[in-house]
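Worksheet: one structure, shown below.
The values are calculated or read from the model by the stated rules, or taken from the named source; none is laboratory data. Predicted model, so just to flag it, every value in this text is computed and none were measured. Cβ: placed from backbone, ideal geometry, glycine included. Neighbour counts: every protein chain shown.
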Amino acid sequence: MKLVDIETVETGQILGKTIFSSNGTVLLSRGVQLTVFMISTLKRIGVTTVYIDDPLYRDITVDELLSEETKRAVIHQMSETFEALRSGKPFSSKAISQTVDGMLDEILQNQNILIQLSDIRSADNAMFIHAMNVCMISSMLGLNMGLNMIQLKELAVGALLHDIGKLNAPEIQEGRMHHAWRGFDLLKNKREYSLLVCHVAFQHHEAIDGSGLPRGLVGEDIHIYAKITAVANMYDNLLYNSKENKPLLPHEASERLNSFSGTLLDHTVLVQFMRIVSIYPNGISVKLSNRQTGVVVGQHRGLPGRPIVRIIDKEGDETVGFKEIDLAQHPTVFIEAVLN
């Protein structure tokens, strides 16, 4: 499959990756033939990119840390949790705990897979996918940094609920209160959660140099769970919720994160982050320094900038074959630009 801009999608093309609704149900299943109405609907609900089942790249897959079943369960649970909060009702700590257990089980099984955030977002599901991604990245970072299972569970629960303070709070929308304070207040009342879980929500916008919010904590005053979640949160936001003119591509977001090393973000966490993330995900089109263009089809753990790229050979409009360049084996060839 191949990742393409929604504006380039044509009627009759086959969807390569399932798109979820805001409550975790399937909005469109992979394998469906896209119609004019479907494409129009995707644009209307804020979808900007989709995976297409291109015959030339049909064998390309995105290795996933989480199965579709688990993703549906996470999105559904976050939908129920946020809806309870909007209604002024308590949310189920037990259900959140079970959801996190399911995520951690699969992350432990798939810990050698590089993170590629490939789930298609809409205006309705973006908040839930963001929470899931921050939890997933944070858990992988914690695993890489040697946290034990109790610590991983605390980190994962805190990361999944890191933005819980944003909901249903007029004083936050009006700028009178940072959502970290409200998130801390909501979570500290849950006896099932340790105070460290609460501090993930409380501290994930603090900065190493003291310029963060809400309390301006410095360096070691910030808990490691919050330092980890801060990196995961910023990365996902740069990809999909950038305050700039447009969201950043994975390699651009990774460069931006590294520029904040030692100031906004913890250097040790960033070193581990670069070991677990794919900055050129499978399915994206790239231009190489040798002037050839192709699609990324494979990854190397520990070498995020040196993926395997498939080059299609054509004679006119006809495809006559392809070759693959493993950039790990060709040190003089590098990716010059991402074309998606």
Per the filter on region 244-288, residues assigned to a strand (DSSP E or B) and over 21 Å from Ile228 (Cβ atoms) are Ser285, Val286, Lys287, Leu288
Only unsatisfied item for Val333, checking (1) part of a strand (DSSP E or B); (2) of a type outside the set (D, E, K, R); (3) surrounded by 15 or more Cβ atoms within 10 Å (Cβ to Cβ), is (1)
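Please find, among Asp124, Asp119, the residue that is more than 22 Å from Ala253 (Cβ to Cβ), of a type in the set (Asp, Glu) and either surrounded by 14 or more Cβ atoms within 10 Å (Cβ to Cβ) or not assigned by TED's automatic domain parsing to the domain that holds Val26 (or both). Even if it seems obvious, please write down each step before you answer.
Working: Asp119 fails: more than 22 Å from Ala253 (Cβ to Cβ).
Selected residue: Asp124, the only one of Asp124, Asp119 that is more than 22 Å from Ala253 (Cβ to Cβ), of a type in the set (Asp, Glu) and either surrounded by 14 or more Cβ atoms within 10 Å (Cβ to Cβ) or not assigned by TED's automatic domain parsing to the domain that holds Val26 (or both).
For residues that are assigned to a loop (DSSP other than H, G, I, E, B) and of a type in the set (S, T, N, Q), scanning just region 289-326, find the one that is surrounded by the most Cβ atoms within 10 Å (Cβ to Cβ). Before the answer, list the steps.
First, the residues of region 289-326 that are assigned to a loop (DSSP other than H, G, I, E, B): 289-292, 299-307, 316-317.
Filter once more, keeping what is of a type in the set (S, T, N, Q): 289-290, 292, 299.
Values: Ser289: 13, Asn290: 12, Gln292: 16, Gln299: 22.
Among those residues, the one meeting the criterion is Gln299.
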Being in contact (Cβ under 8 Å) with a residue 12 or more places away in the chain, within 30 Å of Ile308 (Cα to Cα) and not assigned by TED's automatic domain parsing to the domain that holds Ile312 narrows Thr49, Thr81 down to just Thr49
Among the residues of region 261-285, the number that are without any contact (Cβ under 8 Å) to a residue 60 or more places away in the chain and closer than 15 Å to Leu303 by Cβ is 4
When restricted to Gly165, Gly183, Gly142, Gly158, the only residue part of a helix (DSSP H, G or I), without any contact (Cβ under 8 Å) to a residue 24 or more places away in the chain and surrounded by 20 or more Cβ atoms within 10 Å (Cβ to Cβ) is Gly183
Only unsatisfied item for Asn258, checking (1) of a type outside the set (Lys, Arg); (2) free of Cβ contacts under 8 Å to residues at least 60 places away in the same chain; (3) not assigned by TED's automatic domain parsing to the domain that holds Gly183, is (3)
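Which of the residues that make up region 299-319 are under 13 Å from Ile284 (Cα atoms) and within 22 Å of the chain's Cα centre (by Cα)?
Gln299, Pro307, Ile308
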Flagged in region 37-63 as part of a loop (DSSP other than H, G, I, E, B) and either over 14 Å from Gly16 (Cα atoms) or among the aromatic types (Phe, Trp, Tyr) (or both), in numbering order, are Ile45, Gly46, Val47, Thr48
Note on Leu85: of the conditions (1) closer than 19 Å to Lys190 by Cβ; (2) at pLDDT below 90; (3) surrounded by 19 or more Cβ atoms within 10 Å (Cβ to Cβ); (4) of a type outside the set (S, T, N, Q), unmet is (3)
Only unsatisfied item for Ile75, checking (1) outside any helix (DSSP H, G or I); (2) buried (at least 20 other Cβ atoms within 10 Å of the Cβ), is (1)
Would you confirm whether any residue within region 94-106 is closer than 25 Å to Arg301 by Cα, more than 17 Å from the chain's Cα centre (by Cα) and surrounded by 14 or more Cβ atoms within 10 Å (Cβ to Cβ)? yes
In the set Leu270, Leu238, Leu248, the lone residue that is in the same structural domain as His204 (by TED's automatic domain parsing), in contact with a Ser or Thr (Cβ under 7 Å, 6 or more places away or on another chain), of a type outside the set (S, T, N, Q) and more than 24 Å from Leu147 (Cβ to Cβ) is Leu248
